[in-house]
1. How much of the pair distance distribution for chain A lies past 28 Å, counting alpha-carbon pairs only, in percent?
2. What are the label-to-label distances in nm, one decimal and shortest first, from B:Ala143 to the same spot in the other copies, with labels 7 Å along Cα to Cβ?
3. What do the square roots of 5 times the Cα gyration tensor eigenvalues come to for region B:2-83, in whole Å, largest first, as semi-axes of the equivalent ellipsoid?
4. Between A and B, which A residue has the Cβ nearest their rotation axis, distance in Å?
5. For the protein assembly as shown, what ratio Rg/Rh do Cα atoms give with a Kirkwood hydrodynamic radius?
6. Straight-line reach from B:Lys33: which lysines have a Cα under 27 Å away, not including same-chain ones fewer than 8 places off?
7. Once the principal axes of the Cα atoms of region B:65-144 are found, what is the range along each, listed largest first in whole angstroms?
8. With just the Cα atoms defining each centre, how far is region B:54-93 from region A:1-74? Give it in Å.
Protein chains: 2
Amino acid sequence: MTSDGFVLDAQLAQDTIPVGDAGLSRILLMNNKLYPWLILVPARSDLVELTDLTLDEMNLLMHELHVISSVMQSLFKPYKMNIAALGNQVRQLHIHLIARKQDDSAWPNPVWGTGGEPYSEVDASLLISRIQNALATTMQEEAS
Amino acid sequence: MTSDGFVLDAQLAQDTIPVGDAGLSRILLMNNKLYPWLILVPARSDLVELTDLTLDEMNLLMHELHVISSVMQSLFKPYKMNIAALGNQVRQLHIHLIARKQDDSAWPNPVWGTGGEPYSEVDASLLISRIQNALATTMQEEAS
């Protein structure tokens with residue numbers, strides 16, 4: 001729990017593996033090896049819609065989306081990023097970032113509801129290290 | 001065509017009805033009466049990913065998303081907004097804003113690929129007027 005009472009939604013916690021903290025948002029890896037798929041969850045309590053964020057928080061979120069999408073684009077070379085705040089099933093505000101390829105199993109449809117396959121423990125931990133390293137490099141470049 | 005050579009994608013032009021201009025983005029109504037569904041298209045040439053925008057443009061887009069989502073929330077009282085940049089079918093950067101209800105025909109799934117029904121000319125023009133009036137009021141409030 002953060003100082004303002006934020007607690008990650010139980011379903012999100014169950015479906016994902018923690019990757020790190022972006023400042024405003026928690027970064028989670030969707031435990032589905034069919035697609036490189038991260039989820040950003042702004043760590044403020046009682047958020048449902050993007051419009052529940054202040055304008056400053058929205059700009060911060062946009063910056064985090066920019067950094068994390070760039071990292072995914074350079075790591076996974078997607079044909080297209082899918083970035084979405086849906087929330088029909090889990091109401092806590094969360095944003096999907098999915099690196100899509102033209103030979104992935106749902107292409108060209110959206111990935112939601114098309115099933116999934118969990119990572120092995122080794123594969124998850126390797127992938128998370130790659131993402132963490134790339135994020136650290138990008139954030140260092142921005143700071144310098 | 002704008003000064004930088006922006007031309008609206010032909011498929012987007014075919015599927016939608018123009019609503020207005022938000023500053024950075026064109027506002028379009030998806031011609032599908034099953035859901036209140038607007039599309040924002042940042043009017044800059046050669047945009048594919050959100051990361052193709054400058055940070056200033058991203059902040060401007062976030063502001064436009066905030067205003068237009070707020071207007072849709074107050075007009076249509078959705079259970080949840082779905083906001084997404086997918087682009088698997090149409091590559092020109094565009095952002096969907098869809099007002100979802102628990103009794104709409106695709107609930108709780110995403111709406112893409114679930115079919116559609118065009119508005120009558122009268123219904124489209126009435127709805128567009130409602131949206132334009134609400135947008136004008138919101139923008140006036142922001143400016144004052």
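Rule-based calculations on the coordinates, nothing more; no lab input. As the structure is a prediction and not an experimental result, all values here were calculated from the model. Glycine gets a Cβ as well: all are built from the backbone with ideal geometry, and neighbour counts include every protein chain shown.
1. Distances greater than 28 Å cover 15 percent of the Cα pairs.
2. Here B:Ala143 shows inter-copy label distances of 4.3 nm.
3. Equivalent ellipsoid of region B:2-83: 22, 17, 10 Å, largest first.
4. Residue plus distance in Å, as requested: A:Ala84, 2.
5. For the protein assembly as shown, the value is 0.95.
6. B:Lys77, B:Lys80, B:Lys101
7. Extents along the principal axes: 41, 28, 25 Å.
8. About 17 Å separates the Cα centre of region B:54-93 from the one of region A:1-74.
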